[in-house]
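K.L.:
Structure below; questions to follow.
The values are calculated or read from the model by the stated rules, or taken from the named source; none is laboratory data. None of the values given here were measured: they were computed from a predicted structure. Heads up, the Cβs are rebuilt from the backbone with ideal geometry, glycines too, and the neighbour counts pull from every protein chain shown.
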Amino acid sequence: MSISVSHINKSYKDIRALQDVSFEVKKGEIFGLIGPDGAGKTTLFRILATLLIADSGQASVAGHDVVKDYKTIRNCVGYMPGKFSLYQDLTVEENLEFFATIFKTTIKENYHLIEDIYKQIEPFKTRRAGKLSGGMKQKLALCCALIHKPEVLFLDEPTTGVDPVSRKEFWDMLKRLQQKGITILVSTPYMDEASLCDRIAFIQDGKILEIDSPEAIVKHFTKTIYNLSANNMYKLIESLKTYEHAHSVYPFGEFVHYTDTRDVFDIDELQHYLKNIGLNDITIEIAKPTIEDTFMALAK
Amino acid sequence: MKLFLGFIKKEFYHILRDRRSLFILFGMPIVQILLFGFAITNEINNVNIAILDHSKDVTTKKIIDNISASKYFSINAFIQQENDIESVFKKGQTKAVISFEKDFNQHLIKNGQATVQIITDATDPNTANTISNYVNAIIQSQVKELNKGIDKGYQIIPQTRMVYNPELKSVFMFVPGIMTVILMLVSAMMTSISITREKELGTMEVILVSPLKPLQVIAGKVVPYIALSVINATVIILLSLFVFKMPIQGSLILLAFETVLFIVTALALGILISTIAATQQTAMMISLMGLMLPVIILSGFIFPISSMPLVLQIISNIIPAKWFIIILKAIMLKGVGFSFIWKETLILLGMTVFFIALSIKKYKIRLE
């Protein structure tokens, strides 16, 4: 096991940031932590990166205990915090060089690891890191976290605030790194990124709700889900919420996702109900449950 | 070692690319030393003095006339007895009393010498010193005149006496004082800010998760500032030598050694502050309030320690700047060797070791 977490608890004063968190990550796996802001993702990362000590429970990274062997772990992991944490007044190249030096290596030695990513920011290598765009900053941060060839990579919300194109590129890179045998623990608030992981864990309010592969996790969703739309979205949601058989109602892109409490139910009946309220252009169709639907159902 | 050098290189980039701190580093010492230097070397003008003439003869009259004729002094009282001296000072107007001994002229003619006492109010030591020098100059020019064409010279011996601050504790005091203040400010404040900046920007988080050891991080922060502070100290000494013509009596090597020691003390304090403060702002406030004020007020830089209340005198002992000022004064003004200041040096060294040990111990290997 590359990462193993068992029964971790951590509190800040009255807030229980993590409650009995347990999971394992296999070597060479991309493991995603999916959850909203404040779910405890960053706390978990910090515990694994030996920056915080858990109140109780054990954790090990690359076979080393995060408390006892913290020095060993600090030599063999790459950590990219959620906040951009490079030197803004140093250039791209100087940043990379600095991190290579403090990890007792050189850019040359591990260039093959970062080549794909670094090639994209290399034209700007004399630019100060503070003047880079969001996506480029993240790519540079990833390069810096990778330069010493870590066994395990911790990426805390690496794509937050990054444009969709850069996000896609970023994930392509992670896939390539995975092929080089690096274990990756990544957190994200974006549900669409969850499907790119080998396995994901839903986390909310410090608790792990479910752990499975993205394909399997949607199977936890047993209800039939309906895509609804009408001329007045706000009114549609309000009306659905007051509908006596409503199980769950939430906006989903340009639609509203709806589940019913009954196993068998008549679409016409619902359509009729909505029409009576005064809504027009009503469409109702069955939708495939997504990871987000699963999360919403579990988080309820 | 390579690791450590890489860290130092990064620190130099930070310092050299931040114009604001660069200005603080090099601009301020020069501005301050010039400002203080010119503000303190004050000319005297129309200073009130009192005369106590026990003799009332031709020579004393002549001297008194010369004094009152000069633009520096105006005589505001003639007193009759010793007891009046104190009361005349206590009124506050009079800054000096000139007292001629009984039978002044007779002594001068018979014995070839006579004595005059210059008693100054040394609560303002710089003025007191200037006054006594000026009075002395007037008297000596009188002597010259008396001695014209005579083989056996007459002598008037001035006895200078300072009241209220007899040791005249801050003549040329501003150079050691300013040097101490600047070194403290630059070293302590700049290091504490540079470390807390890493905390604030989150880079500390990344550095922690690296093979860098606490000692390497601390040393990496300190070394560049030692270099810069040494440059600063050199600039200050050169300025005082060439702009203010302040003589340095003692050994320059000893001075350099003691200065580096104090720089390290200040840096250690800076690191200690950064272990407490979470933001650059707090670090700056703690440096200013916790270091600058005591350094200026309690170190003997501006206010003589001997005239402080006992409690403050005791507190002043824990202020490193106090010991450094004693050392600087001893080397620069008195020109003494190491054997005279080993005790102060040892105290400073002890404090430094203590601060460094404490900051390494308090250096967090994790986040809170």
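K.L.:
Need the failing condition index for B:L254 against (1) in a helix (DSSP H, G or I); (2) away from chain A (no Cβ under 13 Å); (3) under 24 Å from B:I24 (Cα atoms); (4) in contact (Cβ under 8 Å) with a residue 40 or more places away in the chain, just the number.
P.N.:
(3)
K.L.:
Same structure again: Checking A:H245 against (1) over 30 Å from A:I184 (Cβ atoms); (2) out of contact with any Phe, Trp or Tyr (no Cβ under 7 Å at 6 or more places or on another chain); (3) of a type outside the set (S, T, N, Q); (4) surrounded by fewer than 16 Cβ atoms within 10 Å (Cβ to Cβ): exactly one of these is not met. Which one?
P.N.:
Exception for A:H245: condition (2).
K.L.:
To continue, here is another question. Sort out for me the helices (runs of 4 or more DSSP H) sitting completely within segment B:1-82 that have 2 or more residues that are over 30 Å from A:A129 (Cβ atoms), touching a helix residue (DSSP H, G or I) at 6+ places or on another chain (Cβ under 7 Å) and away from chain A (no Cβ under 14 Å).
P.N.:
In segment B:1-82, the matching helices (runs of 4 or more DSSP H) lie at B:19-40, B:58-69.
K.L.:
Name the single residue, out of those in segment B:245-279 being modelled with pLDDT under 90 and touching a Leu at 6+ places or on another chain (Cβ under 9 Å), that is farthest from B:G337 (Cα to Cα).
P.N.:
The residue in question is B:T275.
K.L.:
Within segment A:108-131, work out how many residues are crowded, with 16+ Cβ neighbours inside 10 Å, away from chain B (no Cβ under 12 Å) and touching an Asp or Glu at 6+ places or on another chain (Cβ under 8 Å).
P.N.:
Count: 1.
K.L.:
Collect the residues in segment A:199-242 that are surrounded by 14 or more Cβ atoms within 10 Å (Cβ to Cβ) and without any contact (Cβ under 8 Å) to a residue 60 or more places away in the chain, keeping them in residue-number order.
P.N.:
Within segment A:199-242, A:D212, A:L228, A:S229, A:A230, A:N232, A:M233, A:K235, A:L236, A:I237, A:S239, A:L240 qualify.
K.L.:
Here's a follow-up. Check segment B:318-329 and report whether any residue there is over 19 Å from the mean Cα position of the chain (by Cα), assigned by TED's automatic domain parsing to the domain that holds B:A188 and charged (D, E, K, R).
P.N.:
For segment B:318-329, residues over 19 Å from the mean Cα position of the chain (by Cα), assigned by TED's automatic domain parsing to the domain that holds B:A188 and charged (D, E, K, R): absent.
K.L.:
Can you tell me which residues in segment A:30-82 are part of a loop (DSSP other than H, G, I, E, B) and away from chain B (no Cβ under 14 Å)?
P.N.:
In the first step, residues of segment A:30-82 are kept if they are part of a loop (DSSP other than H, G, I, E, B); the result is A:35-40, A:49-55, A:62-63, A:66-69, A:81-82.
Result: A:G35, A:P36, A:D37, A:G38, A:A39, A:G40, A:G63.
K.L.:
Within segment B:337-366, work out how many residues are in a loop (DSSP other than H, G, I, E, B) and either buried (at least 17 other Cβ atoms within 10 Å of the Cβ) or within 14 Å of chain A (Cβ to nearest Cβ) (or both).
P.N.:
Pass one, segment B:337-366, residues in a loop (DSSP other than H, G, I, E, B): B:337, B:363-366.
Going one step further and asking which of them are either buried (at least 17 other Cβ atoms within 10 Å of the Cβ) or within 14 Å of chain A (Cβ to nearest Cβ) (or both), we end up with B:363-366.
So the answer is 4.
K.L.:
Restricting to segment A:1-14, give me the number of residues that are away from every other protein chain (no Cβ under 14 Å) and either farther than 25 Å from B:T203 by Cα or hydroxyl-bearing (S, T, Y) (or both).
P.N.:
The number of residues fulfilling the criteria is 9.
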